[in-house]
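Here is the structure we will look at.
The values are calculated or read from the model by the stated rules, or taken from the named source; none is laboratory data. In this text, all values refer to a predicted model and were calculated from it rather than measured experimentally. Note that each Cβ is placed from the backbone with ideal geometry, even for glycine, and that neighbours are counted across all protein chains shown. Accessible surface areas use protein heavy atoms only, side chains included; no ligands, DNA or RNA. Shrake-Rupley method; radii C 1.70, N 1.55, O 1.52, S 1.80 Å.
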Amino acid sequence: MAELHFFTGTMDSGKSTLALQTNHNHAARGRIGRIFTTHDRAGEALLSSRLGLTHQALEVTADFDFWKYVVDTLTQGGRIDYLICDEAQFYTPEQIDQLAKVTDELQIDVFAFGILTDFRSRLFPGSARLVELADRMNVLQVEALCWCGKRATHNARTENGAMVTEGDVVVVGDVEERDAEPAEVSYEVLCRQHHRRKLTSARAKAVSLAPDPLPFG
């Protein structure tokens, strides 16, 4: 029986690496799959790992239909045994429903990889739907660490080193104009305590390097 798998963890927990390894393992046994991704850090139609590994992929746009793609491929004589779906948090709930239909109606295994929550600590719609529908949900055992050394549980967005909690949900390798100066946008994983306090590694370093106040007298 085919299954819909959901592998999740924070950033830096090895999701894309596992996606590439999963594809390798199945392909090595003669199975034929398709790799999908969206908004990958390396660019369009690429699945990349922070370890430096990359693989060509199909880019999932907002109007992409997984059911139509798979049915059209099979109708034209193609073969698909499994799907690898990276950055699945960015998929629409409707696309997750399509993946479930592919699993149930066509008996094709689907392996989805993604983070649960955005930089505001809110569930991504795609991830929420995967939690609701997946046959198996797997939390990655490689723990990302906060700058303090504790287990990281939250994803934070920073602009020029300062944590922000408002803005577009999807900003990948992009900048926005602010007072005519481009803001350097990046992401960082934090423990819950430091995410609540908005204490990023850059801010913590700045605080530690600040001179002590002069004593009175």
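Could you look at the chain and say what percent of its accessible area is carbon and sulfur, using a 1.4 Å probe and all protein chains?
Numbers: 6250 of 12240 Å².
Percent of accessible area from carbon and sulfur atoms in the chain: 51.
Could you tell me which label, among [x] 1.28; [y] 1.18; [z] 0.92, carries the value of Cα Rg over 2.2 N^0.38 Å calculated for this structure?
[y]
For segment 96-174, take every pair of Cα atoms, bin their distances at 5 Å starting from 0, and report each bin as a whole percent.
Computed distribution, short to long bins: 3, 12, 19, 19, 17, 14, 9, 5, 2, 0.
Could you report the chain's accessible area per residue, 1.4 Å probe, as an integer in Å²?
Details: 12240 Å² over 217 residues.
In whole numbers, the chain has 56 Å² accessible per residue.
Let me know the shape class of segment 53-109, please: from the alpha-carbon gyration tensor, a ≥ b ≥ c as square roots of the eigenvalues, rounded when a/c is under 1.5, otherwise prolate if a/b is greater than b/c, or oblate.
In terms of gyration-tensor shape, oblate.
At R0 = 45 Å, how high is the FRET efficiency between Ala204 and Ala28 if r is their beta carbon distance? Nearest 0.05 is fine.
On the way: r = 44 Å, r/R0 = 0.98.
Plugging the Cβ-Cβ distance into 1/(1 + (r/R0)^6) gives 0.55.
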